[in-house]
1. Within region 315-376, considering only helices (runs of 4 or more DSSP H) that don't extend past its boundaries, which have at least 1 residues that are of a type in the set (A, V, I, L, M, F, W, C) and free of Cβ contacts under 8 Å to residues at least 12 places away in the same chain?
2. Give me the pairs: first residue in region 195-213 and farther than 20 Å from VAL131 by Cα, second residue part of a loop (DSSP other than H, G, I, E, B) and not acidic (Asp, Glu), beta-carbon distance under 7 Å, and six or more apart or on different chains, which are they?
3. Assigned to a helix (DSSP H, G or I) and surrounded by fewer than 21 Cβ atoms within 10 Å (Cβ to Cβ): does that describe LEU102?
4. For region 167-206, what are the residues that are loosely packed, with under 14 Cβ neighbours inside 10 Å and of a type in the set (Lys, Arg)?
5. So how many residues does region 30-81 have that are within 17 Å of ALA136 (Cα to Cα) and of a type in the set (A, V, I, L, M)?
6. For region 355-388, name all the residues that are under 16 Å from ARG323 (Cα atoms) and of a type in the set (Gly, Ala, Ser).
7. Of these, SER57, SER61, which one is without any contact (Cβ under 8 Å) to a residue 40 or more places away in the chain and surrounded by fewer than 22 Cβ atoms within 10 Å (Cβ to Cβ)?
8. Write out, first by first residue and then by second, each pair whose Cβ atoms fall under 7 Å of each other, whose residues are 6+ apart or on separate chains, and whose first residue, in region 126-141, is under 17 Å from PRO206 (Cα atoms) while the second is part of a helix (DSSP H, G or I) and among the β-branched types (Val, Ile, Thr).
Amino acid sequence: MSQTLSLTHEEPWYRSLTSKQWQILAASNLGWMFDGFENYALILTAGTALRQLLDPSQHASLPFYVGAIIAINLFGWGVGGMVGGILADYIGRKRMMVIAILAYSITTGLSAFAWDFWSLAVMRFMVGVAVGSEWATGSSMMAELWPDRARGKGAGLMQCGLGLGFFLASLAWLLIAPLGENAWRYMYFLGVVPALLTLWIRRAIPESALWEAVKAKRDAVQRRQQGGAALSAEEHQLTKFTLSDLFSERAVRRRTIAVFLMSLATTVGFWSISTWVPPFIASLASAQGLPGAKWASYAGMTFTAGSITGYIVLGFMADAYGRKPVTIAFFVLALLTTPLLFFSTSDIRLLLALAFLSAIFANGQYSWMPVWLPELYPTRMRATALAFAFNAPRFLAFLGPLLAGGMIAKFGGYGEAAMALALIYILGIAAAPFLPETKGQPLPR
């Protein structure tokens, strides 16, 4: 009788986790949270910073320059993410996480010393390079150290760190913005704080046992190869450069192309639409005689709260209903809520509610990546695959903020630019069915 009860009454997922698994979640979440802080600090302060750094004759083109700075930061994110993911497959998940957090802490602090547009652009490119290196590492560690039946939940909880970082940046800017024309510099000085996190990570977080096993095999195979021994097909795979390995087999190549298209849709949607919500609501507030900067902060915090909700909800729903249907639903709802946000009303308070709703799907859809991607690739190339999927689209998506800024300047409206770029979600809807369902399955070794 007791045996029957033990089979039918399954232990809650959270009780089966070890303290180390919770620590991995904390480290990955905090690393991603500070990533979010660094990037959203730029979004919130770019207009203020550039108004000080640009010549007054260039102020009429401010939306273009704001888009350019965000695009440059995003392009750097793509470069750094690709390099960081590859390194994580060779030097380890933990070591790469520490390097990435130290790097973006230092470079964000240095960007506070910018003296003109190009100095800020170069420094924010460097921040992007460093920030991009962290996500694939944390996502790989989460996937490799959390149990199969809770992996989606863990990924969603990790991903919400980005939203928490956005929220903290919005709150910080609300307090710091009144401090004068150099307030944006004080925001960037705060970016040095995450460096302290690396002290705890080095002491408390273990390296991934799956990665260590593959590293030992790779080293042994390389020694055999150097000794002239004949290698098996499995051993030969370990000698391939991880990035080229993504395209060496037809099945993996087709999977990678579908993943790229989905990530492109998510990335363009986020950076070309979501980033314009605070200035959009601020512009409406100013037109109604309300303080624009304050309402931009309110919009940022509300949108971020919706994002956090979406990150977590997608992860939990993916464990309950499957990766594929939930991801497609988020793409569809992101497309439908974009016109609702930008065209349905000019009531500021109602817009905040719509921003919360839109963010659940437009930003929350990002969780499909840490939930689904690690389950599609073996350990030997997992971090590289995640880095490619997450960052390669940025080499195209970085044009989104640049185009959006130009479109806003030309047509005089945020909504038109947002709707034109929201059509990218159709690409994600079309590509998702080509990936296999992996709910509850063990990771490929």
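1. Working: elements: 323-343, 348-362, 368-372.
Counting at least 1 such residues, we get 323-343, 348-362.
2. So the pair list comes out as GLU207/GLY92; TRP211/GLY92.
3. Numbers: assigned to a helix (DSSP H, G or I): yes; surrounded by fewer than 21 Cβ atoms within 10 Å (Cβ to Cβ): yes.
Considered against the rule, which asks whether it is assigned to a helix (DSSP H, G or I) and surrounded by fewer than 21 Cβ atoms within 10 Å (Cβ to Cβ), LEU102 comes out as yes.
4. Answer for region 167-206, where residues must be loosely packed, with under 14 Cβ neighbours inside 10 Å and of a type in the set (Lys, Arg): ARG202, ARG203.
5. Within region 30-81, residues that are within 17 Å of ALA136 (Cα to Cα) and of a type in the set (A, V, I, L, M) number 4.
6. GLY364, SER367
7. Numbers: SER61 fails: without any contact (Cβ under 8 Å) to a residue 40 or more places away in the chain.
Criteria check complete, one pass: SER57.
8. Note: pairs meeting the criteria are GLU134/ILE101; MET141/ILE24.
The values are calculated or read from the model by the stated rules, or taken from the named source; none is laboratory data. Everything quoted here is computed from the prediction, not taken from an experiment. Reconstructed Cβ throughout: ideal geometry from the backbone, glycine too, with neighbour counts over all protein chains shown.
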